[in-house]
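Since the structure comes first, as structure tokens, the remarks are kept for the end.
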Amino acid sequence: MRRVLQMLLVPCLLAASYGVAAQTPLKFGVFEPPRLAPDFALQGSDGRELKLSRHLGKVVALGFGYTSCPDVCPTTLAELAQARKKLGAVGKDFQVIYVTVDPERDSVERLRDYVTAFDPTFIGATGSPTQLADVRKAYGIQISKQPIAGSHAAYLVHHSSFVYFIDRTGKLRSMMPFGGRSVDDIVNDIGVLLRN
């Protein structure tokens, strides 16, 4: 009887250990438990109303930035574009949405030209200052304008630079900080969420 039990338990233990090994954890900050991502309605750079809920069934990377950003935004968008390319065919179920923090300069056309230069599927979002403030508040995004010395009109917008990853069911799953991570880490997290 003992031998029979051992023969039955060994495959179960192997299957259990394989299951643990096969599960790849998320690399970035995890929302535990996952919670519903706040929905919003903004103007999309694709010419349509942009609702987060419109992308249910896809994994969404939601970021905040602006087209005049000198470093953080182009770096982040370039990494997300590289990650989407590395995903291959499954990348069709991955959507990047980039919400402007500078509506005064970022028109729909300017946003479209900017985000699609990184990947033609990327969508920018804008709206009224009040609408955008509400979205930033819902996601804990802080901004501050800083004038550029020697210019009375030019300015930079300092802003929270993390990216939210939202799963196919519309739940916040992880938050990617700027810097200190690789494109492979981004691919890992998107892949985990695409498989779940």
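Points to keep in mind about this one:
- Scope region 168-196; condition of a type in the set (S, T, N, Q) and free of Cβ contacts under 8 Å to residues at least 60 places away in the same chain; matching residues: Ser182, Asn196
- Test: residue in region 31-46 that is in contact (Cβ under 8 Å) with a residue 24 or more places away in the chain, out of contact with any Gly (no Cβ under 8 Å at 6 or more places or on another chain), closer than 16 Å to Leu193 by Cα and surrounded by 13 or more Cβ atoms within 10 Å (Cβ to Cβ): yes
- Boolean, Arg110 is in a helix (DSSP H, G or I), of a type in the set (D, E, K, R) and out of contact with any strand residue (DSSP E or B) (no Cβ under 8 Å at 6 or more places or on another chain): yes
- Applying the set (1) in contact (Cβ under 8 Å) with a residue 40 or more places away in the chain; (2) out of contact with any helix residue (DSSP H, G or I) (no Cβ under 7 Å at 6 or more places or on another chain) to Phe165 leaves exactly one unmet item: (2).
- Remark: pairs (first residue in region 84-106, modelled with pLDDT of 95 or more and basic (Lys, Arg); second residue surrounded by 13 or more Cβ atoms within 10 Å (Cβ to Cβ) and assigned to a helix (DSSP H, G or I); Cβ separation under 6 Å; 6+ apart in sequence or on different chains) = Arg84/Gly91; Lys86/Val187.
- Taking region 1-49 as the range and being closer than 29 Å to Pro129 by Cα and either at pLDDT below 50 or among the acidic types (Asp, Glu) (or both) as the test, the residues that pass are Asp39, Asp46, Glu49.
- A single member of Arg105, Arg112 is surrounded by 17 or more Cβ atoms within 10 Å (Cβ to Cβ) and of a type in the set (Lys, Arg), and it is Arg112.
- Screening Val101 against (1) closer than 20 Å to Ser53 by Cβ; (2) in contact with a Phe, Trp or Tyr (Cβ under 6 Å, 6 or more places away or on another chain); (3) among the β-branched types (Val, Ile, Thr) leaves a single unmet condition, (1).
- Tally, over region 163-196, of residues that are of a type outside the set (Gly, Ala, Ser) and under 22 Å from Arg54 (Cα atoms): 18
- Residue in region 134-146 that is hydrophobic (A, V, I, L, M, F, W, C), within 20 Å of Arg48 (Cβ to Cβ) and in contact with a strand residue (DSSP E or B) (Cβ under 8 Å, 6 or more places away or on another chain) present: yes
- Counting only strands (runs of 3 or more DSSP E) that sit completely within region 125-194, those holding 3 or more residues that are within 19 Å of the chain's Cα centre (by Cα) correspond to 163-166, 171-176.
The values are calculated or read from the model by the stated rules, or taken from the named source; none is laboratory data. Predicted model only: the values in this text are computed from it and were never measured. Neighbour counts are summed over all protein chains in view; Cβ atoms, including those assigned to glycine, are modelled from backbone coordinates with ideal geometry.
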